[in-house]
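Have a look at the structure below before the remarks.
The values are calculated or read from the model by the stated rules, or taken from the named source; none is laboratory data. Please read these numbers as outputs of a predicted model, since none were measured by experiment. Neighbour counts run over all protein chains shown; Cβ positions are idealised from the backbone, glycine included. Ligands, DNA and RNA are excluded from the accessible area calculation, which covers all protein heavy atoms including side chains. Shrake-Rupley method; radii C 1.70, N 1.55, O 1.52, S 1.80 Å.
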Amino acid sequence: MHEAQWQKPVRAGGRAIRNPLEAIRFMDREWPARKTMSFAQAHRTCLAALDGRQPADDARTSFKDAVDEAQLH
């Protein structure tokens, strides 16, 4: 499992999310009930980053987009 830290954390739900693993945990435990396509994309991209199939920066971008759409700042 790859746990690369992001250069800049993503603020979500009052927390600083620093890597794909923290993003997955946040999405699984703290995300609101309403889940959109951007949530699904972020979840897939973060999982892919954890097993090395995608760069961690791609996961950050997808996660940030989902956070922005859900207005979880």
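Computed from backbone phi, the HN-Hα couplings of the range 66-73 come to 5, 4, 4, 4, 7, 6, 9, 6 Hz, rounded to whole numbers (Karplus: 6.51 cos²θ - 1.76 cosθ + 1.60, θ = phi - 60°; Gly and Pro given as x). Residue ranking by accessible heavy-atom surface, 1.4 Å probe, largest first, among 22, 3 comes out as 3, 22. Once all protein chains are placed together, residue 64 keeps about 80 Å² accessible to a 1.4 angstrom probe. Model label sites at residue 8 and residue 57, defined 7 Å from Cα along the beta-carbon direction, differ in position by 1.3 nm.
At 1.4 Å probe size, put 36, 61 in order of accessible surface, largest to smallest.
Listed by decreasing accessible area, they come as 61, 36.
Sequence-distant contacts, meaning Cα pairs under 8 Å at least 6 residues apart, place the relative contact order of the chain at 38 percent.
Of the residues 43, 73, ranked by 1.4 Å probe accessible area with the largest first, the sequence reads 73, 43. Under 5 Å between amide hydrogens, built in the peptide plane, is the criterion, and for residue 54 it picks out 49 among residues at least 5 positions away or on other chains.
Phi-derived couplings, Karplus 6.51 cos²θ - 1.76 cosθ + 1.60 at θ = phi - 60°, listed residue by residue for the range 38-43: 5, 4, 4, 5, 4, 4 Hz, with x used for Gly and Pro. If a/c stays under 1.5 just call it rounded; otherwise compare a/b with b/c (prolate if a/b is bigger, oblate if not). Do that for the range 6-49, with a ≥ b ≥ c from the square roots of the Cα gyration tensor eigenvalues. It is oblate, given that a/c is not under 1.5 and a/b is not larger than b/c.
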